[in-house]
Amino acid sequence: MYNTSTSTELALTEDSALRAKFASRVEVLDRVSPVHTLGDTEYVTTDLVAAYFDVDIETIKKLVQRHRTELETNGFAILAGQDRQEFLRDIESLYSGERRGRSMAVFTRRAVLNVAMLLRDSERARAIRTALLNMAEPHADDLLATEFVIDPTDTDGLLDRLEYQSHMTTQAISLARQAITRAEVAEKKAEQAELVVSFLEPKADAWEKLANAKGDYDAKRAADILSRDPAIEIGRTRLFAWLRSNGLINFSNRPYKKFSEYLTERMTSYEHPKTGDEMLRAQLRITARGMQYLHQQLGGVERLDLSE
């Protein structure tokens, strides 16, 4: 448990393990000052990140050089080739910054939070770090175990002793009551187990049929199929961005081996725009299992239909 009373926000700039603990708390950005991504994308550009933190662009570039690996795990990416072109088309009317060059650095909201935890010379970054530490809540089990020996069967006595302790906060007492209630909830869950199994059996059969489906899909086709679900709205560029920000592919759009069940590659040919020569490249493909995984992760509400 992190003790905010004895540590300062600067600890986040020095401790990578501590930064990893808070890496997903992007809601803190909205509490301090919202980060507005460009159009329907999940990204902001380097110049916009610099403006957000009121520092010069070179400061952000140097920070990226020092911490690129960490930032990439949180959604930072270098867009090049077709991905860069599609991104620029998506933001054509929204972005007036630099468009020259072969590549473009972009940041997700999670990557912006990562920058805030690293950037020292920014009042806004300092405010975000302070807000993060203020969001840290004590764990009920830790609070109780360090105060006195607890008899878990003496519910009323435990609460009376908690209330008697002058230094115990109202929040801690509330958390303790929740901990006690968990035992009762666990018993009810055990009674519901058979109902859950009977409910899941037909779904398991449907999944086996889907898992045995043959074929795979390129990113555009996969996005089109996923978007048939009324709860999912995603295009090729946003699908690539989601895969990168969730650690399934690297910044070059190559899948990581541990996700080979979901993602694969196929060699495809294309005509070189200048020489006219036929060229080969590896194209990212999404398997049937990968489509089911994405459908669940993106919040699909209807049965996934992979029919063409």
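Readers should treat all values here as calculations from the given coordinates under stated rules, not as data from a laboratory. This structure is a prediction, so every number in the text was calculated from the model and none was measured. Note that we place each Cβ from the backbone using ideal geometry, even for glycine, and neighbour counts take in every protein chain shown.
Points worth noting:
- Packing, as the average of other Cβ atoms within 10 Å across residues, places the peptides 71-83, 225-237, 104-116 in the order 104-116, 71-83, 225-237, highest first.
- Rg/Rh (Cα only; Kirkwood hydrodynamic radius) as it applies to the range 10-135: 0.96
- For the range 118-133, Karplus couplings with θ = phi - 60° (6.51, -1.76, 1.60), whole Hz, Gly/Pro x: 10, 7, 7, 8, 8, 5, 5, 4, 5, 5, 5, 4, 4, 5, 4, 5
- As a length-normalised measure over Cα pairs under 8 Å and 6 or more apart, the relative contact order of the range 216-297 settles at 30 percent.
- Fraction of the pair-distance distribution of the range 216-297 above 21 Å, Cα-Cα pairs, percent: 30 percent
- Theoretical FRET efficiency, 1/(1+(r/R0)^6), r = Cβ-Cβ of Arg89 and Lys62, R0 22 Å, to 0.05: 0.15
- The alpha carbon centroids of the range 36-53 and the range 222-284 are separated by 23 Å.
- For peptides 51-60, 26-35, sequence by mean Cβ density within 10 Å, most packed first: 51-60, 26-35
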